[in-house]
1. Going through segment 335-347 one residue at a time, which ones are more than 9 Å from the ligand (Cβ to nearest atom) and touching a Cys at 6+ places or on another chain (Cβ under 6 Å)?
2. In segment 215-247, which residue that is of a type in the set (D, E, K, R) and farther than 25 Å from Ala273 by Cα is surrounded by the most Cβ atoms within 10 Å (Cβ to Cβ)?
3. Being charged (D, E, K, R), within 16 Å of the ligand (Cβ to nearest atom) and closer than 30 Å to Lys187 by Cβ is the filter here, so list the residues in segment 251-299 that pass it.
4. From the residues in segment 324-334 that are near the ligand (Cβ under 10 Å from one of its atoms) and of a type in the set (Gly, Ala, Ser), which one is surrounded by the most Cβ atoms within 10 Å (Cβ to Cβ)?
5. Among the strands (runs of 3 or more DSSP E) contained in segment 114-215, which hold 3 or more residues that are under 30 Å from Leu27 (Cβ atoms)?
6. Looking at Lys340, is it closer than 21 Å to Asn208 by Cβ and over 30 Å from the mean Cα position of the chain (by Cα)?
7. When both residues are 6+ apart or on different chains and their Cβ atoms are under 6 Å apart, which pairs have a first residue that lies in segment 258-276 and is in the same structural domain as Ile197 (by TED's automatic domain parsing) and in contact (Cβ under 8 Å) with a residue 60 or more places away in the chain, and a second that is charged (D, E, K, R) and in a strand (DSSP E or B)?
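The values are calculated or read from the model by the stated rules, or taken from the named source; none is laboratory data. The model shown is predicted, which means the values in this text are computed figures rather than measured ones. Here the Cβ positions follow ideal geometry from the backbone for every residue, glycine too, while neighbour counts run over all protein chains shown.
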Amino acid sequence: MLSGKTILIGITGGIAAYKICELIRQLKKSNANVKVICTPNALNFVTKLTLQNLSQNDVAVEEFNIKEWKPEHISLADEADIMLIAPATANTISKIAYGIADNLLTSVACAFSKKMIIAPAMNCNMWNNDAVKNNIKTLRSRGIEILEPENGFLACGYFGKGRLCSIKKIFDAVIENIKYSQLLSGKKVVITSGGTIEDIDPVRYISNYSSGKMGFALANSAKQMGAEVVLITTKDFDAPYKIIKVKSALDMQNALDYEFSTSDIIIMAAAVADYRVKEYSDQKRKKTSNQTITLELVENPDILKGLCEKRQNSQKKPLIIGFCAESENLIENAKTKISKKGCDYLIANDISRTDIGFGSENNEVTILDKNGGMKRLEKASKSVIARQILEYIDE
Ligand code: C5P
């Protein structure tokens, strides 16, 4: 199940540290490569020698290793498929929430861009502290999975919520996430995002309010699910996959044409301008004495429709997904649009609502398929919606 996978376990200074020895044994039995990082405090509860023997790897504690040319926090982050921090103390949780990197474990956590699972364990009053609660909320909002502590008798003598969850639960979460990280492996997913920019002259343009966040969330989720990702976008994003920065609808069409024949899934989340100016002016247009001026526009190609038509005569037949933003009669308009465009799925967005959609961190959408099926996704963060969309189209 886990062969070829590297599980990076971060152990912090809590009494439950000794329980992680059993977890390492189970992960090794499932053929995982297990790497362990301890905070200096963790070594008060469990020895380096025990962890080294169980993991059959060096245990990292020191941040600066004279023998390595590459900083250890970067190489450990790069080689791991998943990072698990268990037990995670209130101290380490709070540092990670704020991006503090003052030891090897917190530095690796700061440099880690793949899936992270955190299993907290602490005194129940610490768990109920508002600062810790807020930091847990921050970590969750970044897509980090929190395996909540359980109620029970605590090592400090209290009875309450704070005990590390069971080793079985942690083991199952690792397996589940590794499976998830392979859902799209071997597939190339091309995603567009952002509003296109149609220049009028060197200083002015026509565009729209699309922030590109939904497409970015889709690209991140596809990457987490193991896909080779290409994001074609009008916005500035930084991510560990190929990003093609474009401006106009025509640029976006060119980039898509280039990627088409090697794509397995194409998702058009971009808000493409329907029109561009007929004549771009090389010089800044001067103000005239007229009270009104007319800007002549010509239609842009419907890229999505064009891709669906191209697919009919192509050997490569990628799955094609479109988006539609409607301010009224959402489902009715979306149904007409999916057959007009010829795509496999259409993700319908209601832009009359101010709490979701354009610029917002959240979304609520309905997925329509070409056979008339429909699935509504309840309001959630764009990263949760992105994951649900990808899981649905991959079924
Ligand atoms: O027709 P409408 O603009 O509502 O369609 C939205 C969908 O079509 C989106 O997926 C968008 O990326 C795509 N589109 C396109 N080319 C256009 C306009 C929209 O590919 N010129």
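1. The one that is more than 9 Å from the ligand (Cβ to nearest atom) and touching a Cys at 6+ places or on another chain (Cβ under 6 Å): Gly342.
2. The selected residue is Lys223.
3. If the condition is that a residue be charged (D, E, K, R), within 16 Å of the ligand (Cβ to nearest atom) and closer than 30 Å to Lys187 by Cβ, then Asp251, Asp257, Glu259 are the ones that fit.
4. Ala334
5. Passing ranges, in order: 115-120, 150-153, 159-163.
6. Criteria met by Lys340.
7. Thr262/Lys188; Ser263/Lys188; Asp264/Lys188; Ala273/Glu198; Tyr275/Glu299; Arg276/Glu198
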